[in-house]
Each structure stands twice: as structure tokens, then as C-alpha cells.
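A.B. asks: Have a look at the structure that comes next, please.
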């Protein structure tokens, strides 16, 4: 693969417009940087590197201006030239925010990138470089930016043997054979990519903490320290996923009971040891009492008691406890139609609202199940009012096509963020829950499960880079539109040529709906092969213990989650949404089978029956997958051959796999119902 793949959106392609090129050379010959910190040094190195590539100059870096026209990078209070950018309206500038302004003062014309902190200055520097990459006019800039979400985190599900749980882009970039990778330059380049998006925290090991990974807080701590040193230079704090039973496994204690004094003392000592090695350590990420992981339930304690014990140990150091809400009975009997996995997180955590310590944050998946192609928004988002919350999104494509199928997740995420919970009346959007503004919470934000590995292009599918980019941009500003994020990524990664931007943007924005068309219909979810979760298997999870059922019989399909006749899940929402989901007539059709068990002959709003809708969407989905290939072929000659071929090969595979989905799903339901396709298309007997 090409170096272009590796550089992602930081390619810094040479500026082609001669006028812009000369303009940028005139501005950037002298970079004035009067302050030196570890993070500011990273900003300086990035800007100097980018200018060499984009405009072929080696700028002179100085502490004071050497000419009348220059670019100034400074923290408030550094110099009068910096402070001139601050008016009364900037008095409330966020600690991670920044200003980019064009100023004329004392016979000088200069561009100033300034912030209150070095992290803000780093983010402003990357914004400045985006302006150059997209060939913007610098003559009259008046920009003020700040992140909407205080916490913008990445979770890695990396294991120390080098494998990645739900990873589809090679092996871990951090670990090899239980040792730290020797390729630390790549880790630094990853830190650059994340910092360019404003990411400020990263968990560097799997939430399913196995024996060797448990030792990351003991004998393997020096490895975490090295990673922390790399990320620190880019304003990113390192978090560690921990094993709740670590006191037993590492110290031989008889218990991990969170109320046991010896257990509390052990965690206090262990936390102090970590902060001696990593002074800016972010905190612990915990998956407890879920999918066979240990937790406080073992000792008849609540999750609040478990989390608060850790919170007390880490509080004096300013650390955080991030506690995942992915807790459910993974030993369900499929014959039990009353138990509903979708209800589990709400039932476990809602009664504990207000009982968690101030430095505890609950990490809540966007939906109640498990990152399905389509599922409703978790009712915990908007339900818990007195608890810090992180919105958890999955960037890696576990259920959305993995490294083969094109599935651009930003439209799905935007729909989640714009969902109105009605927690404080109309306008109580999930994005306001995530940023803490709805309930006035301090520690809130986004976390994303990474899609990164050792593949040269980082993400397996070259276009999956757009999902990592889109996550970062939404975490910084959830008010950005899908179109703004998409077009920006295409311009930075491929080209600003109109044909390229239009074709790739169109492909990306349609891709999620296309995948949905040929996979599980109307929000029912799953229907994948157990274990690896790739490819169709309609009944693969139907008789399993995971609570993942579609309840299809010869007359109908879907799970009744209504209050009136079903599991009652719909009642976990605020009344406006609960009433909407309660009846088939008011339920959004894309979630119809998630909330209702209906006959195949039930007619949708367009007059089609459910069974005909299943047939039509699956035939249509394959044709739409072919259209994606046709769109891409139009770009031959506009793109470098290596990336063009890599994407084309995957689109060809996608078509073949879409056909398999179509034929398996349609055949299953034809055999189940005996109802033929009204259009007489081929369905196998």
C-alpha cells in the first residue's frame, strides 16, 4: 500500500494553486513561537513538517518576529502580540479552545494561533493546517473554536499477545507477543492523527482484561509508561482497563469485595504506584459483571459500591473511573420470553442514579443491544440525570461489514446525537446529554472503540478511515453536519477536485442504508454468524444464551417490547418516546420489528407487506452495492492506483457477499412463510 494510505488525512499534499502557494509562503516564512512545552514542541514540529510538504519552504522559527509578516503561535500572556487577539468576548475561552485571527498592528501583519493552554494551541495548529490543506484565504480570519465535549476518548480492545478483539485491520499497534511493540514511531504517528481530531484520552488495552493484561498495573506498568510518554506529547492521557478481581490475582487476597478494607487499601497503594510512574494518568476503565467478567455482584454489592471504591482510591490524584453499562444476563434461556436483554442496562443502573462518586463516569452504548446496524437509542441516555455519562460508539465495524463492506457510520451517529430524549422537554437531544449541558454534569463526552491496527492504512478498508475521522470531528463538535465532515475528509484524504468530492461523499453517505437493505430488516438486528459476527445466519443466535432473538415463526416476526403485551422495554423511555414506540402505527418503521411482533402480511406505510419489504430491500441492496462499484470506477485516473485498486477489490467482494445475504435472508423467509415474491424474482427453494 502507498504512503498516502498511511498518512490518512495528514498527507499535506503540495498546494497546486500557484496564488495560494505564494500566499502561504509569504505568511509562513517566519513562525514565531515564544513558548516551549512538550505539547507546543509537537505543534511546532507538525507545522514545520507540513509546510515543507505543502509549500516547499523551511520556515525560520523564532521567539520574536523577524519580518513584518509572520505566523504567531502563543499562549495567552506570552507577549502583547499574542494578547492582542483577546477581546472581552474571549474572556470565557475554553481551556482546550483556541483563536485563529489575522491581525494588523504596529506596522505588522500577522496570523495568530493562540489558546489558554498548550493543548488548545496544538488543536489550533492542526486547524490552521486544515485551512492550508483546503486552500483557504488567510487574509481576514476571525475564528474561535472550542470542544463541545470535555472528554473525547478512544478505547482500544488490544490484547498483549498482539490480537485485537473485534479488530479488522491487522494486529495491535501497541503490543507484540506480550511485549511493547518496537515500532514506537507508528504509535507516535497515531498520536498525531488523534491529536489532529482533538482526542484527549485513550485506553490502551481490552476491556476484557485477561491474565497478562491484568499485570499492566504491576509488572507491565513500564510498558504503559512508555505509551503514556508518547501520547503525553500530543495532549492525550492514557487510561488502563482493569480487572475487578486484580487484588486476588496479583496480590493473593481472598476477596475483591469493594467494601473490604484490605481490598480498598490495595487499590489505594496500586493507584499511588501508577501515578508515580505516570503523573498524568487518566484513570481506570472497567467492565464488570458482564460476559463472565468479575464484578461487585459476586459480593452482593452494587455497581455504585464497586465504582466508588475505585473512585476513592484515585480521587486524590485527579483520576477518573469509567464504568461500562454493558451489563446483562448472557446465560438467558431462549424459551424465556419475559427476560429482555434490551432492558438490562436500564434496570441495573437507573436505580443507582445519584449514588456514583463525582469522578465516576458511566460509559453507555448508543443502543440497548450491541452496536447493531439499527437499534433505538439507549433509554439510559436521558434517563440518568445525576450521573456523569460517556456516549460509547463503535468505530470498528463488528456488525457493519468489518473490513470488507463499506459502511460510513457518521450518519448513524448523527441520528443518535439528534435523538430527542424529552428528559427536559422538547429539545433534550442526546448530544446535550453527552456534553453534560442537559443535566449540568462535569465529566461527560464521547468514547469510540477503535478500528485501528497494523495494516499499512490503519483501518483495513481504506474508506474506513472516514469513520475514525468522523468520530473525532463529532466528538469535538456534534453540531457539524454529515456533509461537512464527509467533504472535509475527502478533501484532506484524496482530493478537492469536484468529481472526487461528489462521488466519494455520495458513496459514503449512502453506504449505511445500502448495507442495512441487504442484512437484518426493520431493526430486528443480529442474523449474523455467531462468534465472528460476519455474514448471514438468520437463526445463528436464535436459540443461544445471549438474548439476541428475532422470534420468527411461520406467521410473523419481531420481539414484542411494548408495555401493554410485551417485555415492557418501551416503557423505559420518557412518555413522548414510550408512546411512540408502543404501537406499530406510530413506531418508526426502521425499528418496527425491534418493538413489535407482527404478521408477515402487516402493511407498511407504503402499502407493502413486511414480507414483500424484506424481498424488495434485499434485491435492491445488491443492486445498490453494484452502484457503489460503478461510482468508484468513475474515479479511475483521479486517484492513485494503489488506493483505487484496494477499494475496488473490496467493493467487488462486497457485491458477492451482499448476494449471499440477499439469498440467505430471502430464502429463509420464503421457506418460513411460503409467500412468494410478487415480482417473481429468483428465491431458492
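The values are calculated or read from the model by the stated rules, or taken from the named source; none is laboratory data. Since this is a predicted model, take the numbers as computed values, not measurements. All Cβ positions, glycine included, derive from the backbone under ideal geometry; neighbour counts span all protein chains shown.
A.B. asks: Condition check: closer than 30 Å to residue 94 by Cα and under 15 Å from the mean Cα position of the chain (by Cα). Does residue 447 satisfy that?
C.D. replies: Against the criterion (closer than 30 Å to residue 94 by Cα and under 15 Å from the mean Cα position of the chain (by Cα)), residue 447 qualifies.
A.B. asks: Can you confirm whether segment 202-219 contains a residue that is over 28 Å from residue 250 (Cα atoms), outside the structural domain of residue 43 (by TED's automatic domain parsing) and touching a residue at least 12 places away in the same chain (Cβ under 8 Å)? If you could, list the steps in order and put the result at the bottom.
C.D. replies: Let us first name the residues in segment 202-219 that are over 28 Å from residue 250 (Cα atoms), namely none.
No, there is no match, as no residue in segment 202-219 is over 28 Å from residue 250 (Cα atoms), outside the structural domain of residue 43 (by TED's automatic domain parsing) and touching a residue at least 12 places away in the same chain (Cβ under 8 Å).
A.B. asks: Can I ask one more? All but one of (1) modelled with pLDDT under 95; (2) in contact with a strand residue (DSSP E or B) (Cβ under 9 Å, 6 or more places away or on another chain) hold for residue 88; state the number of the condition that does not hold.
C.D. replies: (2) is the only condition that residue 88 fails.
A.B. asks: Among the residues of segment 628-646, which ones are part of a helix (DSSP H, G or I) and out of contact with any helix residue (DSSP H, G or I) (no Cβ under 8 Å at 6 or more places or on another chain)?
C.D. replies: 630, 641, 645
A.B. asks: Within segment 377-495, which helices (runs of 4 or more DSSP H) (wholly inside it) include 3 or more residues that are closer than 30 Å to residue 163 by Cβ? Before the answer, list the steps.
C.D. replies: Details: elements: 410-417, 430-434, 465-476, 482-493.
The qualifying helices (runs of 4 or more DSSP H) are 410-417, 465-476.
A.B. asks: Among the residues of segment 1-50, count how many are part of a helix (DSSP H, G or I) and more than 30 Å from the chain's Cα centre (by Cα).
C.D. replies: Summing the residues that are part of a helix (DSSP H, G or I) and more than 30 Å from the chain's Cα centre (by Cα) in segment 1-50 gives 11.
A.B. asks: Is it the case, given these coordinates, that residue 593 is assigned to a loop (DSSP other than H, G, I, E, B), in contact (Cβ under 8 Å) with a residue 40 or more places away in the chain and either under 30 Å from residue 558 (Cα atoms) or touching a helix residue (DSSP H, G or I) at 6+ places or on another chain (Cβ under 8 Å) (or both)?
C.D. replies: Spelling it out, it is not the case that residue 593 is assigned to a loop (DSSP other than H, G, I, E, B), in contact (Cβ under 8 Å) with a residue 40 or more places away in the chain and either under 30 Å from residue 558 (Cα atoms) or touching a helix residue (DSSP H, G or I) at 6+ places or on another chain (Cβ under 8 Å) (or both).
A.B. asks: Looking at residue 254 and the list (1) in a helix (DSSP H, G or I); (2) without any contact (Cβ under 8 Å) to a residue 40 or more places away in the chain; (3) touching a helix residue (DSSP H, G or I) at 6+ places or on another chain (Cβ under 9 Å); (4) more than 21 Å from residue 177 (Cα to Cα), which single condition is not satisfied?
C.D. replies: (1)
A.B. asks: Just give me the residues in segment 224-239 being without any contact (Cβ under 8 Å) to a residue 60 or more places away in the chain and either more than 27 Å from residue 38 (Cα to Cα) or assigned to a helix (DSSP H, G or I) (or both), in sequence order.
C.D. replies: 224, 225, 226, 227, 228, 229, 230, 231, listed by residue number.
A.B. asks: Can you confirm whether segment 384-392 contains a residue that is surrounded by fewer than 23 Cβ atoms within 10 Å (Cβ to Cβ) and touching a helix residue (DSSP H, G or I) at 6+ places or on another chain (Cβ under 6 Å)?
C.D. replies: Checking segment 384-392: not a single residue is surrounded by fewer than 23 Cβ atoms within 10 Å (Cβ to Cβ) and touching a helix residue (DSSP H, G or I) at 6+ places or on another chain (Cβ under 6 Å).
A.B. asks: Let me ask another. Identify the single condition in (1) at pLDDT 95 or above; (2) over 24 Å from residue 202 (Cα atoms); (3) surrounded by 21 or more Cβ atoms within 10 Å (Cβ to Cβ) that residue 328 does not satisfy, given that it satisfies every other one.
C.D. replies: Residue 328 satisfies all of (1) at pLDDT 95 or above; (2) over 24 Å from residue 202 (Cα atoms); (3) surrounded by 21 or more Cβ atoms within 10 Å (Cβ to Cβ) except (1).
A.B. asks: Of everything in segment 128-150 that's closer than 30 Å to residue 364 by Cα and not in a strand (DSSP E or B), which residue is nearest to the chain's Cα centre (by Cα)?
C.D. replies: 149
A.B. asks: With (1) surrounded by 24 or more Cβ atoms within 10 Å (Cβ to Cβ); (2) touching a helix residue (DSSP H, G or I) at 6+ places or on another chain (Cβ under 9 Å) as the list, and residue 380 as the residue in question, which single condition is left unmet?
C.D. replies: Residue 380 satisfies all of (1) surrounded by 24 or more Cβ atoms within 10 Å (Cβ to Cβ); (2) touching a helix residue (DSSP H, G or I) at 6+ places or on another chain (Cβ under 9 Å) except (1).
A.B. asks: Yes or no: residue 61 touching a strand residue (DSSP E or B) at 6+ places or on another chain (Cβ under 9 Å) and either part of a helix (DSSP H, G or I) or free of Cβ contacts under 8 Å to residues at least 12 places away in the same chain (or both)?
C.D. replies: No: the conditions fail for residue 61.
A.B. asks: In segment 549-563, which residues are within 12 Å of residue 584 (Cβ to Cβ) and either outside any loop (DSSP other than H, G, I, E, B) or out of contact with any helix residue (DSSP H, G or I) (no Cβ under 6 Å at 6 or more places or on another chain) (or both)?
C.D. replies: Within segment 549-563, 556, 560 qualify.
A.B. asks: Take the residues in segment 576-589 that are more than 29 Å from the chain's Cα centre (by Cα) and more than 18 Å from residue 374 (Cβ to Cβ), then tell me which one is surrounded by the fewest Cβ atoms within 10 Å (Cβ to Cβ). Break it down into steps so the answer makes sense when it comes.
C.D. replies: First, the residues of segment 576-589 that are more than 29 Å from the chain's Cα centre (by Cα): 579, 582-586.
Narrowing further to those that are more than 18 Å from residue 374 (Cβ to Cβ): 579, 582-583, 585.
Numbers: 579: 14, 582: 21, 583: 13, 585: 6.
Ranking the qualifying residues of segment 576-589, first place goes to 585.
A.B. asks: If residue 27 passes every condition in (1) surrounded by 17 or more Cβ atoms within 10 Å (Cβ to Cβ); (2) under 25 Å from residue 189 (Cα atoms) but one, which one does it miss?
C.D. replies: (2)
A.B. asks: If you scan segment 342-368, which residues turn out to be closer than 25 Å to residue 243 by Cβ and surrounded by 20 or more Cβ atoms within 10 Å (Cβ to Cβ)?
C.D. replies: 344, 345, 349, 356, 359, 360, 361, 362, 363, 364, 365
A.B. asks: Would you check which residues across segment 189-223 are on the phi < 0 side of the Ramachandran plot, part of a loop (DSSP other than H, G, I, E, B) and surrounded by 20 or more Cβ atoms within 10 Å (Cβ to Cβ) and list them?
C.D. replies: 199, 200, 204, 205, 206, 207, 209, 220
A.B. asks: Could I ask something else about it? Go through (1) in contact with a strand residue (DSSP E or B) (Cβ under 6 Å, 6 or more places away or on another chain); (2) closer than 23 Å to residue 16 by Cα; (3) crowded, with 17+ Cβ neighbours inside 10 Å and name the single condition residue 69 misses.
C.D. replies: (3)
A.B. asks: Listed residues 153, 103; which is within 30 Å of residue 441 (Cα to Cα), part of a strand (DSSP E or B) and touching a helix residue (DSSP H, G or I) at 6+ places or on another chain (Cβ under 9 Å)?
C.D. replies: Just a single option satisfies the conditions, and that option is 153.
A.B. asks: Okay, moving on. May I ask you to list the residues in segment 516-532 that are in a helix (DSSP H, G or I) and either closer than 21 Å to residue 417 by Cα or within 19 Å of the chain's Cα centre (by Cα) (or both)?
C.D. replies: 516
A.B. asks: Can you find a residue in segment 275-292 that is part of a helix (DSSP H, G or I), under 31 Å from the mean Cα position of the chain (by Cα), in contact (Cβ under 8 Å) with a residue 40 or more places away in the chain and under 23 Å from residue 212 (Cβ atoms)?
C.D. replies: Yes.
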